[in-house]
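Some notes on the structure that comes next.
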Amino acid sequence: MARATIKDIALAANVSPMTVSNVINGRRAKASDETIERIMAAVKTLGYRPNMSARSLVSNASRMVGVIIPFTENQNQLLLDNPFYAEMISGIESALRANGYYMMLTGVGEGNAQLDTLSHWNMDALIVLGVYREALYERLRELALPTLLIDSYIDDPSFYRLGVDDEAAAYRATRYLIDQGHSGVALVTGVIRTDGVIERRVDGYKRALAEAGIGFDPSRILSGSVTFDWGAEAAAGLVALPHTTAAFCTADLIAAGLLAGLHRLGKRIPEDYSVMGFDNLSISRMVYPALTTVDQSILGKGQLAGRLISAILNKADAPRESFIDVAIVERDSVSRRGAR
């Protein structure tokens, strides 16, 4: 059976091919609701699918957005093994699709800054998660594409940025634990890298301690990887710390592992240790006890990223920097010190 064309749709809907083209490409301002309904009914009936290759040749635009996840820790090289990325990518893809764009997802190893595949696919723009000033950053500059960085502290006018104020968010989380009567608060985290998200969260943790008159103890920072296994392993280190009654984990995945590790050691949460996470992933409601955490609206963050890059490509106004508000979600893993 021959593939349906725009002319076929126009004939079936009794409109011009130009009107069909405008409607299916999102330019619907001049078409009535009844016309749009007829065209979309014809699209469905005839099984019309746009020829992306032809469209790219005509417009010099592929309507493809590359999404890059750099592997910054050797412990985790599986693209969507971390549920944080799964939620983020879901948000990005849904927003791109709603705006008539398509997504190509790839992971890039720390020592592999080759983006030839994306170049061959003729990307219109890029969204990059958590990049540092390293080889990948230099390669992105060379591509000279509209690029949105998520959770990156690279200050470069060539790029757009989206994230949260990580220092302020970690300060709020640590202050929350202190206000619950915990003066011995540990920080369980992934790798701390210069000018990275984790470094900012460490700064927020330190600021909250200083403001409360609590001395900073470097031994209370347990640094490993953003994995469940590291959180479980860190439980023994937490228990070995004297006068420590609470832990702020810089990711829910770490916190879930810490809960499991503490359970295996016979510790009660929150009676013996209060545990707080960061992200508000779906797993934070599935663990026991349900995790008190910092909500950064990851799905919404991804959707905003998709909308921002779409606006940039459509020459609409888009801020160079955008920030997501955070909120503390209280569940069952934190209690007031001394409460039983």
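Ala168 versus (1) crowded, with 19+ Cβ neighbours inside 10 Å; (2) of a type outside the set (Lys, Arg); (3) out of contact with any Leu (no Cβ under 8 Å at 6 or more places or on another chain): which is the lone unmet condition?
It fails just one condition, (1).
Do we find that Asp203 is at pLDDT 95 or above and charged (D, E, K, R) in this structure?
It is true that Asp203 is at pLDDT 95 or above and charged (D, E, K, R).
Among the residues that make up the stretch 188-202, is at least one of them crowded, with 22+ Cβ neighbours inside 10 Å and either free of Cβ contacts under 8 Å to residues at least 24 places away in the same chain or among the hydroxyl-bearing types (Ser, Thr, Tyr) (or both)?
Yes, the conditions are met somewhere in the stretch 188-202.
Here is a check on your reading of the model: is Val287 part of a strand (DSSP E or B) and at pLDDT 95 or above?
Values: part of a strand (DSSP E or B): no; at pLDDT 95 or above: yes.
Against the criterion (part of a strand (DSSP E or B) and at pLDDT 95 or above), Val287 does not qualify.
Out of the residues in the stretch 79-96 that are at pLDDT 95 or above and surrounded by fewer than 19 Cβ atoms within 10 Å (Cβ to Cβ), which is nearest to the chain's Cα centre (by Cα)?
Filtering first and then ranking leaves Ser90.
Residue-wise test of (1) part of a helix (DSSP H, G or I); (2) within 25 Å of Val131 (Cβ to Cβ).
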{"residue": "Gly181", "(1), (2)": "no, no"}
{"residue": "Arg193", "(1), (2)": "no, yes"}
{"residue": "Arg200", "(1), (2)": "yes, yes"}
{"residue": "Arg207", "(1), (2)": "yes, no"}
{"residue": "Ser219", "(1), (2)": "yes, no"}
{"residue": "Gly231", "(1), (2)": "yes, yes"}
{"residue": "Ala235", "(1), (2)": "yes, no"}
{"residue": "His263", "(1), (2)": "yes, no"}
{"residue": "Pro270", "(1), (2)": "no, no"}
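Which residue is surrounded by the most Cβ atoms within 10 Å (Cβ to Cβ), if the candidates are limited to the stretch 114-137 and must be at pLDDT 75 or above and in a loop (DSSP other than H, G, I, E, B)?
Val131
Given the conditions (1) touching a helix residue (DSSP H, G or I) at 6+ places or on another chain (Cβ under 9 Å); (2) assigned by TED's automatic domain parsing to the domain that holds Arg133; (3) at pLDDT 75 or above, which single one is not true for Gly111?
The one condition Gly111 does not meet is (3).
Of everything in the stretch 138-173, what is in a helix (DSSP H, G or I), within 22 Å of Gly306 (Cβ to Cβ) and out of contact with any helix residue (DSSP H, G or I) (no Cβ under 9 Å at 6 or more places or on another chain)? Give them in sequence order.
Answer for the stretch 138-173, where residues must be in a helix (DSSP H, G or I), within 22 Å of Gly306 (Cβ to Cβ) and out of contact with any helix residue (DSSP H, G or I) (no Cβ under 9 Å at 6 or more places or on another chain): just Leu140.
Glu134 - would you say it is over 29 Å from Thr293 (Cβ atoms) and either among the aromatic types (Phe, Trp, Tyr) or in contact with a Pro (Cβ under 9 Å, 6 or more places away or on another chain) (or both)?
In short, yes.
Condition check: closer than 19 Å to Gly91 by Cα and free of Cβ contacts under 8 Å to residues at least 40 places away in the same chain. Does Ala318 satisfy that? Walk me through how you get there before you give the answer.
Values: closer than 19 Å to Gly91 by Cα: yes; free of Cβ contacts under 8 Å to residues at least 40 places away in the same chain: no.
No.
How about the stretch 5-44: which of its residues are outside any helix (DSSP H, G or I) and either of a type in the set (S, T, N, Q) or on the phi > 0 side of the Ramachandran plot (or both)?
Thr5, Asn14, Ser16, Asn25, Gly26, Ser32
Conditions (1) within 21 Å of Ala208 (Cβ to Cβ); (2) surrounded by 21 or more Cβ atoms within 10 Å (Cβ to Cβ); (3) in contact with a helix residue (DSSP H, G or I) (Cβ under 9 Å, 6 or more places away or on another chain), marked per residue:
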{"site": "Pro242", "(1), (2), (3)": "yes, no, no"}
{"site": "Lys267", "(1), (2), (3)": "no, no, yes"}
{"site": "Ser274", "(1), (2), (3)": "yes, yes, yes"}
{"site": "Asp279", "(1), (2), (3)": "yes, yes, yes"}
{"site": "Leu299", "(1), (2), (3)": "no, no, yes"}
{"site": "Gln303", "(1), (2), (3)": "no, no, yes"}
{"site": "Asn314", "(1), (2), (3)": "no, no, no"}
{"site": "Ser322", "(1), (2), (3)": "no, no, yes"}
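Identify, from the list Asp151, Asp166, the residue that is under 26 Å from Leu313 (Cα atoms) and of a type in the set (D, E, K, R).
Asp151
Testing Leu145 on (1) on the phi > 0 side of the Ramachandran plot; (2) modelled with pLDDT under 95, one condition comes back false. Which one is that?
In the conditions (1) on the phi > 0 side of the Ramachandran plot; (2) modelled with pLDDT under 95, Leu145 misses (1) alone.
Search the stretch 290-339 for residues being of a type in the set (Val, Ile, Thr) and part of a loop (DSSP other than H, G, I, E, B), and hand back the single one that is farthest from Tyr101 (Cα to Cα).
Val334
Looking at the stretch 281-294, can you tell me whether even one residue there is under 21 Å from Tyr205 (Cβ atoms), in contact (Cβ under 8 Å) with a residue 60 or more places away in the chain and out of contact with any Gly (no Cβ under 8 Å at 6 or more places or on another chain)?
Yes, the stretch 281-294 contains at least one residue that is under 21 Å from Tyr205 (Cβ atoms), in contact (Cβ under 8 Å) with a residue 60 or more places away in the chain and out of contact with any Gly (no Cβ under 8 Å at 6 or more places or on another chain).
The values are calculated or read from the model by the stated rules, or taken from the named source; none is laboratory data. Since the structure is predicted, the reported quantities are computational estimates derived from the model, not experimental observations. Glycine gets a Cβ as well: all are built from the backbone with ideal geometry, and neighbour counts include every protein chain shown.
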